[in-house]
1. Given a 1.4 angstrom probe, what's the average accessible area per residue across the chain, in square angstrom?
2. Grab the other residues whose beta carbon is less than 13 angstrom from that of A110, score K and R as +1, D and E as -1, and report the net.
3. I'd like the carbon and sulfur percentage of the solvent accessible area for segment 134-280, probe radius 1.4 Å, heavy atoms only, ligands and nucleic acids excluded.
4. Mind ranking 318-329, 206-217, 109-120 by how tightly packed they are, going by the mean number of other C-beta atoms within 10 angstrom, highest first?
5. With the cut-off at 23 Å, tell me which of the pairs K105/K140; K10/K237; K120/K141; K115/K136; K141/K237; K141/K251 have Cα atoms farther apart than that.
6. How much mean residue ellipticity at 222 nm does the chain get from its helices, if each DSSP H run of length 4 or more adds -39500 (n - 2.57) and you divide by all residues, to the nearest 500 deg cm²/dmol?
7. Which of H46, H309, H124 ends up with the largest GNM mean-square fluctuation for the chain, with Cα atoms connected below 10 Å?
8. Taking K and R as +1 and D and E as -1, what net charge do the other residues with C-beta under 15 Å from the C-beta of E189 add up to?
Amino acid sequence: MTGGFVFSEKPIQIESGEGAYLYSPDGTEYLDFGASYAVAALGHSHPAVTEAVQEQAARLTYVQASYPVEVRTELYQKLATLAPGDIDNVWLCNSGTEANEAAMKFARSATGRSKIVATKRGFHGRTMGALAMTWKDKYKKPFEPLAGDVEFVPYGDADALAEAVDEETAALFLEPVQGEGGIHPAATEYLERAREVTDEAGAALVFDEIQTGVGRTGDLWACEGVGVEPDILTSAKGIANGLPLGATLVKDWIAEDPGNHGSTFSGGPVVCAAANATLDTIVEEDVPGHAAQVGEYLQSELRAATEEHDLPVREVRGLGLMIGVQVKRGANRVLKNLAIQEQVLALPAGRTVVRLLPPLVVDESHADQFVDSFVEVLG
């Protein structure tokens, strides 16, 4: 009897990884420019994270969050210190969708309201609450009816925000850079207007930094790059460099009445150890600054190659090492050829966008390798 799979598997088996590379059992080397949807922020098998996980696993693998544990307390304090502005309260979970579910519940409890405003093309997760705030029907349709009272507005349209956010709104959910929606960075003025309209309405401004956070866009948090501070910030993906961890960071006025919420595996000691090591390394080695530099180089080289080789590329856009290349032919075909012909892994973002989310430790030589492979496939 064979086991069944819910996920569709790719025809590439992975056995190990180091830095920016993954390896199959036969030793084939793949340049990883997807980092499993931005999860491997420091690359694969980073020594600081590996050591922290091994040491913690030898002491204590798990105890519920109601019992203080030093490694968990350290992470609470670290995240509160690193969070933008006066966001000082932390709730830990296991994934990005759980972080957004918590944000939704906290905002509704703190405001006493139910209405959520979210954006077209936005993606906030696959559980029933987060899914209700996610735009595409292909993710939601099979599971309807979902949690109600969600209104969608066009991303980037400040006037639509001002009209939708009212005295019945609990929260406005925004990605500072839309990921699944095709790598679309928000204009500073748009995020500033989001802050204004939520303040005026007494609603919570929630920034979904599941994919943009912990250095990917060139700042520790994407919202810091535009100087706009939310009431709630959600994080996951690269925060523990591959171990399952999400975080919902909130201001005091949200924390005063968050309602009754919990999770059995909230802040397990092993994942907290991984997160502490990851965040320490990111800060101490100025990984966001490195991501900004290499990301700018990669975008520049992609644009130059597009012009030089007359590639079928409509646009290169993004921030830091969160980059979208909009191609004129199907993105999935490009990705398949990159993997099979060039041993380079990347991701789609819709039908026409090749999404690049490499480990934040890649350098210009890795960028050159990707561009050369991209030219081979598209040229």
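1. Values: 16660 Å² over 379 residues.
On a per-residue basis, the chain sits at 44 Å².
2. Values: positive: K105, R108, R113, K251; negative: D231, D252, E256, D257.
Cβ neighbours under 13 Å give a net charge of 0.
3. Values: 2420 of 5220 Å².
Ligands and nucleic acids excluded, carbon and sulfur give 46 percent.
4. Details: 318-329: 22.7, 206-217: 29.8, 109-120: 20.9.
Packing proxy ranking, top to bottom: 206-217, 318-329, 109-120.
5. Exceeds cut-off: K141/K237; K141/K251.
6. Values: 14 runs with 151 residues, N = 379.
Taking each H run of at least 4 residues, the total per residue is -12000 deg cm²/dmol.
7. Checking each option, the largest mean-square fluctuation is seen for H309.
8. Values: positive: R193, R195; negative: D157, D159, E192, E196.
Every neighbour counted, the sum reads -2.
The values are calculated or read from the model by the stated rules, or taken from the named source; none is laboratory data. A quick note: this is a predicted structure, and the numbers were derived from the prediction, not measured. Neighbour counts run over all protein chains shown; Cβ positions are idealised from the backbone, glycine included. In case anyone asks, the SASA skips ligands and DNA or RNA and just uses the protein heavy atoms, side chains included. Shrake-Rupley method; radii C 1.70, N 1.55, O 1.52, S 1.80 Å.
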